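Here is the structure we will look at, set down as structure tokens.
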Amino acid sequence: MLKVIVFDFDGTLTQNRKGSNCWQEVWKSIDELSYDDFLYQKYARHEIDIKQWFDLVIERFKEKNVELKNLHNIAKTIKLLPGVYQTFKHLHDGGVKIFVLSGGIRQIIDKVFKRAKVDKFITSIQTYDLIFDSHGKLTGYTHPNHDLENKNQYIEQLKQKYNLKSSEILFVGNGANDEAVCLSGVDTLCINPDGTDFSNKSIWHNAIENCENLTQIIKYCDKNG
Ligand SMILES: [Mg+2]
């Protein structure tokens, strides 16, 4: 029986955002996408680790005066996939706990969920927090207590915390940064794939190549129930 569902955010719960995510929206808003790519390449070549990457990102955001209002403006441009409210309500009413596990930015994700009035259905959101002072100026960030690039670690924590079997958890994602989830042994569902091989059954147990409405996932949840 399904007890917990974990959703990725960017491209899974949002629409028309292939190849983009919260971070890239911030880079775009300050016209610095090339610097984002420069840092990514450094990370990919192992010249910097994830913490150094984040430190450099925050440094640049500060130089470019990224403020809380920038993130709130970005949140206004992000639309959830149709059917998120109905799906979350259906799951929540059925006693399934909803978690969001994203490599994105909390201040953006929170706003998007609040506007859609779906925040009340969510047990917890695990993502990166930027820190702002009382004037909305960026001062730093909080790194979560595990690596969001390895999402299986968080799933393992959830299993322990709620004493769950793998078969009681479903993960719904869309991208390459979700692939590690399969290592945790939980059921995985790929929707609107972006940069991942959704036909690889060892990574994705099920897939909906074109998910236009999130209610399309319900049969995979109920099948588990
Ligand atoms: Mg994604």
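Some observations on this one:
- Based on protein heavy atoms only, the chain ends up with 48 Å² per residue of surface accessible to a 1.4 Å probe.
- Of all lysines in the structure, the ones whose alpha carbon falls short of 20 Å from that of K161, not counting any fewer than 8 places away in one chain, are K3, K97, K151.
- Here is the list for segment 125-225: trypsin sites (Lys or Arg not before Pro) lying in DSSP coil, each with at most 16 other C-beta atoms within 10 angstrom of its C-beta, are K165, K201.
- Calculated FRET value between Q41 and N150, using beta carbons and R₀ = 22 Å, to 0.05: 0.60
- Value of relative contact order over the chain, rounded to a whole percent, pairs C-alpha under 8 Å and six or more apart: 25
- Considering only A44, W27, H72, and ranking their Cα positions along the charge dipole of segment 22-76 that arises from unit charges at the beta-carbon of Lys, Arg, Asp and Glu, the one farthest toward the positive end is H72.
- Eligible lysines near K76 by straight Cα distance, threshold 26 Å, same-chain separation 8 or greater: K18, K28, K62, K64, K89, K111, K114, K117, K120, K137
- Segment 159-214: proportion of alpha-carbon pairs further apart than 18 angstrom, %: 30
- The largest-to-smallest principal axis extents of the Cα set in segment 22-76 are 35, 16, 15 Å.
- In terms of overall dimensions, the chain has a Cα radius of gyration and Dmax of 17.3, 50 angstrom.
- Protein accessible area in the chain, 1.4 Å probe - carbon and sulfur %: 47
- Label positions at L68 and Y162, each projected 7 Å from the Cα along the C-beta direction, are separated by 3.0 nm.
- Spin-label proximity, Y141 to segment 147-189 - amide N less than 15 Å from point 7 Å beyond Cα toward beta carbon: 147-150
- Take the Cα of D31, step 7 Å toward its Cβ, do the same at I218, and the gap between the two points is 4.7 nm.
- Dipole magnitude of the chain, debye to nearest 20 (Cβ charges: Lys/Arg +1, Asp/Glu -1, about Cα centre): 820
- Taking a sphere under 10 Å around the Cβ of K137 and counting the other residues whose Cβ falls inside, with K and R at +1 and D and E at -1, yields a net charge of -1.
- Where only DSSP H runs of four or more residues are counted, the chain gives -11000 deg cm²/dmol as its mean residue ellipticity at 222 nm, each run worth -39500 (n - 2.57).
- In a DSSP loop and with at most 12 other Cβ atoms within 10 Å, the GluC sites (Glu not before Pro) in segment 21-52 are E47.
- Against the empirical 2.2 N^0.38 Å (N residues), segment 47-168 has a Cα radius of gyration ratio of 1.20.
The values are calculated or read from the model by the stated rules, or taken from the named source; none is laboratory data. Values in this document were obtained by computation on a predicted structure and should not be read as measured data. Cβ sites come from the backbone with ideal geometry, for glycine too, and all protein chains shown count toward neighbours. Accessible surface is based on the protein model in full, side chains and every heavy atom, while ligands, DNA and RNA are left aside. Shrake-Rupley method; radii C 1.70, N 1.55, O 1.52, S 1.80 Å.
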